[in-house]
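The values are calculated or read from the model by the stated rules, or taken from the named source; none is laboratory data. Source: prediction; values computed, not measured. Cβ atoms come from the backbone with ideal geometry, glycine included; neighbour counts cover every protein chain shown.
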Amino acid sequence: MFEEVWRAYEENELSHSAAHHLLSIHELRSQSGYARVSDIAKHLSITKGSVSTAMKLLKERGYVQEDHNKFLELTEKGLKVVQETEATRLVVQRFLCNALGMDEDDAMIDACKVEHLISSEARARLVCFLQILFSDKPQAREFMSMFNDNVFSCQDGNVETCQLCDDVCYGDPSQMVLGEN
Ligand SMILES: [Zn+2]
Ligand SMILES: [Zn+2]
């Protein structure tokens, strides 16, 4: 099953780079009202040539078009990708940082890596989870404090009888000391 999944994502219609091109157009247009190939190149610190190549593909696939001034703009489809990508990044970032206690910058980097890959169902479920977790409910606070005090160890140090792990131990013990946040 995983073989099919990774292959599908290798051939993902929208690469991470393409997603950032779309984000860039959106940001530039909201800041200055227009986005040209040269603006995107500057914004992403890449060459105009590679932006042009990316734009050709994004136009063919219906994510980008030109406005009446021949400036680049997102289509409805492109805008949807941008909104979903930004929402996913923010939710994952909050989860990694505020729930799991990762360093803010590290959380931002990991969130950026997966922002265009996670399904909207996964994001929706994560949002519901965070809503409860970050609520003022005493059970949520109690859970968070239990979590913060917890240091993972495979039960009895035996992966075979451990209630959590399967064939492989889920935790590399050397990585399992959670830092203060
Ligand atoms: Zn990213
Ligand atoms: Zn275990």
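In summary, helices (runs of 4 or more DSSP H) completely within the range 78-181 and bearing 2 or more residues that are within 30 Å of Met55 (Cα to Cα) occur at 104-114, 120-133. Conditions: (1) in contact (Cβ under 8 Å) with a residue 12 or more places away in the chain; (2) on the phi < 0 side of the Ramachandran plot. Gln139 meets all but one. Number of the miss? The number of the failed condition is (1). Here Asp106, Asp67 are screened, and the one residue that is in contact with a helix residue (DSSP H, G or I) (Cβ under 8 Å, 6 or more places away or on another chain) and surrounded by 11 or more Cβ atoms within 10 Å (Cβ to Cβ) is Asp106. Within the range 13-39, the set of residues being more than 22 Å from Ala111 (Cα to Cα) and in contact with a Ser or Thr (Cβ under 8 Å, 6 or more places away or on another chain) comprises Ala35, Val37, Asp39.
Filtering the range 61-77 to residues that are over 24 Å from the mean Cα position of the chain (by Cα), outside any strand (DSSP E or B) and at pLDDT 95 or above leaves only Phe71. How do the pairs read when you match residues in the range 72-101 that are without any contact (Cβ under 8 Å) to a residue 40 or more places away in the chain and among the basic types (Lys, Arg) with residues anywhere that are buried (at least 17 other Cβ atoms within 10 Å of the Cβ) and not in a helix (DSSP H, G or I), using Cβ under 6 Å and keeping only pairs 6 or more apart or on different chains? From the range 72-101, the pairs are Lys77/Tyr63; Arg89/Glu115.
The residues in the range 149-169 that are over 23 Å from Leu100 (Cβ atoms) and among the small types (Gly, Ala, Ser) can be counted, and the count is 1.
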